[in-house]
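Asks: I have a structure here, written as structure tokens, and I will follow up with some questions on it.
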Amino acid sequence: MPAPKPRTATLRMSVVEGALAAGMMGLGEFWFVADAVRMGAGPLQLALVVTLPQLVGALGAVGMVAWLRYATARRERVVAMVLGQAAMLGLLAASRALGWGGPWALVAMACGYQAFGQAAGNAWSSWFGDLVPARIRGTYFGRRNRWSHGASFVGLLVGGLVLQSFEPAAAEAGGAGGSGFALLYGGAALLRLASSVLLSRSFEPAFDPPRLDEGPAAVLRGPDGRGARGVVSVGALMLLAVCLGSPFFAPFMLGELRFSYLTYLLAQGMLVGFKVALLPLWGRMVDRHGARGVYLVAALLVAAVPLPWVFADGVGLVLLGQAMSGTAWAAHEVSLLSLTLGAAAPRHRAVLLATQSVAHGVAQFVGGLLGALFFAAFPGAFGPVFLATASVRFGVALAARRLLAGVDPKGPVPPARVAGWLPHGGLVRRPLPASSDRR
């Protein structure tokens with residue numbers, strides 16, 4: 001049998017690589033907040049663990065856009081960034097095994113992890129946007145994402161079992177323990193190292209470095225400006241509203257309700273399961289009815305997510321809230337991805353995506369800080385925090401129709417890559433621009 005062509009072999013290998021990367025998220029990134037709760041992190045530290053790495057990561061992605069202008073190839077840059085991400089996980093594992101480093105060290109290492117990871121993802125998107133033929137992109141990335149979602153779920157399951165076996169209950173830890181988290185972070189680092197090996201052996205087509213003459217300000221003020229401003233604004237405002245409360249769902253479950261790690265895993269599994277199951281359905285809804293209409297429904301669903309948590313005193317209402325969250329974030333993700341690609345001409349999309357990434361990072365950071373200030377002023381007031389985030393989310397949902405008035409209502413459902421984990425939102429996907437998106 002003849003050997004497969006380099007492109008074909010790389011596409012097959014990338015499915016495995018994507019599963020390894022997603023398994024790393026399930027073993028590592030997903031548990032950052034639980035680790036912070038174990039160490040007794042305060043409201044500000046919890047907010048920063050959730051939000052500051054996203055902002056730093058967005059800046060890493062923007063830095064990669066500039067770096068690629070001077071590149072002759074992308075593979076070496078992707079591999080270097082992936083190795084940096086693995087090193088951050090290895091450092092986390094060593095710190096837990098040796099018993100040093102508290103919540104502030106976790107914040108710093110999570111920032112490094114995201115900076116390397118999002119920089120790698122940006123260059124990888126450019127690389128595979130060229131590599132995957134346009135005629136099969138939807139089918140290919142759909143298959144790749146199914147394997148990634150499955151691997152992330154296996155990572156979550158293994159993580160929950162390991163922590164249940166090796167860690168004291170989070171509500172009682174008081175900074176004790178850490179061996180279970182060391183095992184998780186070490187395993188995640190090994191998965192990322194395996195991912196780097198596959199990437200280093202992957203085929204890269206000829207690379208024409210991007211020559212983007214128009215920056216974010218020009219795109220937001222230009223012919224596409226109204227739609228681009230609307231997409232960036234509505235996404236950032238919704239994430240600001242979400243992050244008023246999202247850092248506090250995990251401490252509510254692990255501390256206030258005293259969930260075991262397995263019960264916490266069950267709640268997160270409910271979110272992931274509903275999101276994965278309903279993504280295709282919401283994608284078909286976008287195809288039939290347009291992205292803008294679906295987004296307006298999604299925004300209302302996201303706004304309603306915290307309401308069961310206001311009254312939750314056990315597992316039942318938490319599981320209802322998680323089912324609502326998975327449903328809402330599936331709709332939100334696929335419709336916002338579609339709106340983003342429909343909001344700018346192809347040659348402007350790379351700039352728009354970088355601008356959107358930074359705006360989202362800033363919004364999450366500001367939202368987390370405001371939530372931390374609220375929680376610091378009213379310690380233990382989980383119900384009021386959840387009610388506050390719901391109220392602001394509803395305000396954004398009501399404003400979304402006007403903000404999105406200039407966006408193409410029939411934006412396509414784009415191929416996307418699994419990019420990270422949003423606390424209380426599950427795995428996050430980001431759109432993958434085609435090679436034609438570069439001038």
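The values are calculated or read from the model by the stated rules, or taken from the named source; none is laboratory data. It should be emphasised that the depicted structure is a prediction, and the values quoted were computed from it without experimental measurement. Ideal geometry is used to build each Cβ from the backbone, glycine not excepted, and the neighbour counts take in all protein chains shown.
Asks: Check whether at least one residue in the stretch 86-107 is under 17 Å from the mean Cα position of the chain (by Cα), touching a residue at least 12 places away in the same chain (Cβ under 8 Å) and under 30 Å from residue 380 (Cα atoms), and report yes or no.
Replies: Checked the stretch 86-107: at least one residue is under 17 Å from the mean Cα position of the chain (by Cα), touching a residue at least 12 places away in the same chain (Cβ under 8 Å) and under 30 Å from residue 380 (Cα atoms).
Asks: Take residue 319 and decide whether it is in contact with a His (Cβ under 9 Å, 6 or more places away or on another chain) and surrounded by fewer than 24 Cβ atoms within 10 Å (Cβ to Cβ).
Replies: Taking the combined requirement at face value, the residue does not satisfy it.
Asks: Just to verify a result, which residue in the stretch 417-439, among those that are among the hydrophobic types (A, V, I, L, M, F, W, C), crowded, with 22+ Cβ neighbours inside 10 Å and part of a strand (DSSP E or B), is modelled with the lowest pLDDT?
Replies: It comes out as 427.
Asks: List the number of the failed condition for residue 72; all other conditions in (1) under 19 Å from the mean Cα position of the chain (by Cα); (2) outside any helix (DSSP H, G or I) hold.
Replies: Condition not satisfied by residue 72: (1).
Asks: Among the residues in the stretch 28-42, are any touching a Phe, Trp or Tyr at 6+ places or on another chain (Cβ under 9 Å), among the charged types (D, E, K, R) and either surrounded by fewer than 22 Cβ atoms within 10 Å (Cβ to Cβ) or farther than 16 Å from residue 419 by Cα (or both)?
Replies: yes
Asks: Now a separate question. Considering only the stretch 110-203, give the helices (runs of 4 or more DSSP H) lying wholly within it that have at least 2 residues that are under 17 Å from residue 25 (Cβ atoms).
Replies: 137-166, 179-200
Asks: Next question. Evaluate the following for residue 249: is it within 14 Å of residue 423 (Cβ to Cβ) and under 22 Å from the mean Cα position of the chain (by Cα)?
Replies: The answer is yes for residue 249.
Asks: Name, by its number, the condition in (1) of a type outside the set (Gly, Ala, Ser); (2) in contact (Cβ under 8 Å) with a residue 12 or more places away in the chain; (3) under 27 Å from residue 46 (Cβ atoms) that does not hold for residue 77.
Replies: Unmet condition: (3).
Asks: Let me confirm something: among 107, 15, which residue is hydrophobic (A, V, I, L, M, F, W, C), within 30 Å of residue 136 (Cα to Cα) and in a helix (DSSP H, G or I)?
Replies: Testing whether each residue is hydrophobic (A, V, I, L, M, F, W, C), within 30 Å of residue 136 (Cα to Cα) and in a helix (DSSP H, G or I) leaves just 15.
Asks: Just to verify a result, which residue in the stretch 49-68, among those that are surrounded by fewer than 19 Cβ atoms within 10 Å (Cβ to Cβ) and farther than 27 Å from residue 36 by Cβ, is modelled with the highest pLDDT?
Replies: By that ranking, first place goes to 67.
Asks: A further question on this structure: Please pick out the residue among 71, 119 that is modelled with pLDDT under 95, of a type outside the set (D, E, K, R) and surrounded by fewer than 24 Cβ atoms within 10 Å (Cβ to Cβ).
Replies: Exactly one residue qualifies, and that residue is 71.
Asks: Moving on. So if I check each of 45, 85, which one is touching a helix residue (DSSP H, G or I) at 6+ places or on another chain (Cβ under 7 Å), polar (S, T, N, Q) and under 21 Å from residue 430 (Cβ atoms)?
Replies: Exactly one of 45, 85 is touching a helix residue (DSSP H, G or I) at 6+ places or on another chain (Cβ under 7 Å), polar (S, T, N, Q) and under 21 Å from residue 430 (Cβ atoms), namely 85.
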